[in-house]
Structure formats: structure tokens, C-alpha cells
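Shown next, in C-alpha cells, is the structure this report addresses.
The values are calculated or read from the model by the stated rules, or taken from the named source; none is laboratory data. These numbers come from a predicted model, not from an experiment.
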Amino acid sequence: MKLNTLRTALSAALIATFALAGCSSSNNTSGMDHGSATPGASSSASTAGQFNDADVLFVQMMIPHHQQAVDMSDMIVAKSGVDPDVTALAKQIKAAQQPEVHTMETWLNAWGPKPMPEGAPHHLLSEGMLDEEQMQALDEATGREGQRRFLESMIRHHQGAIHLAEKEIAAGKHPEATALARHIAASQQREIDTINRLLATF
């Protein structure tokens, strides 16, 4: 996947999330705690449950965060000369996180228009996301260099996701969002352990 088609995962994913946050239809737009979401917005009954600003922020941040992990995984899968275990891990990351992006987009749409917090792009970079230059370097790296760059970057990326998930676990109200946060924290820590084992063999 080249950056002239991908552009940058950071900017593209944030733009998509801004659109979801600003253009969804719902009347539940004020206050810390919110009531039922738009009926029929999701097949999941709990999407219409209670949620708060912590849930909204978690979803707004995690959608572009996950999407960049998917884009990074696509990059490494497309490379030649990559260890099969690294390719398998990249496919695993994409298979797990792409459906979660879709789930979170459904929640955000159901919850209605929500402004993105000021300074969101900078905040996401502090949570392990790669900037445009780093994404380009990953895209252009070949073989063993590319896989090491991918693995080292994904450790920081996962650590950022775990931090976001921990904040949702502590402050969120939406049952499915907090359950997803717990799953992210546990599954991505396991993947960090796997990555560290892989790095030790190269």
C-alpha cells in the first residue's frame, strides 16, 4: 500500500471520524450522560443504552487509532522478504481491528453529532500513532528492515491503545464500549508479548 493512495492513515482516519462525529443524526447531544441513541441505528440493543462523554471520546480516538493499525498491517503484508510469523501477526491485527472500527462507527453514528476534541491529532500522536513521515518510512522500508520497523512501531501503537482503553474502563458508561476497551487492553497486551518474542529472534 503506497502513501500516494493511502495518503496518511492519521489524516484520512481523522477526517472520517470528524465526519461521523459531526454529521450523524440524533437529538442526544448535550450533557455528560446521554439517553437512548437513534432507534434502528444498530442491530445491537445496547447501542441504545446509556453513554457519556468518556465513551464518545474513546470511540472518537480509537477509530483512527485502529484504522492506522490496519493500514500498517496492510503495508507489511504487501512486502516481500518478511518473516511469515510477522505477516501472520499483521493479518491477525487487521482481522481483529477492522470489525471493531465498524462497530465503533455504528456507535458514534447512533450517538449523534459530537464535536471532536480540540487538539485530537496531536493527542493521538502521543498515544502511539505514527505521523506522516513515519508512515512513509514504514511504507518504503523493505524486507527485514520493514518488519522490524513495523514491530517496533506496533508496540508503541498498542501501548497507546491500551492507555486509551484504560481511560474508557475507568470512566465509560456504555456497557459494550467498556467491554470492548477491556478486550483491547487484554488482546493488545498479548500481541505486545508476541511482538517482543519475535523481535528477540531477529
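One residue alone among I184, I155, I195, I169 is over 17 Å from the mean Cα position of the chain (by Cα) and not polar (S, T, N, Q), and that residue is I195.
Residues of the stretch 104-151 that are of a type in the set (K, R), part of a helix (DSSP H, G or I) and at pLDDT below 95: R144 alone.
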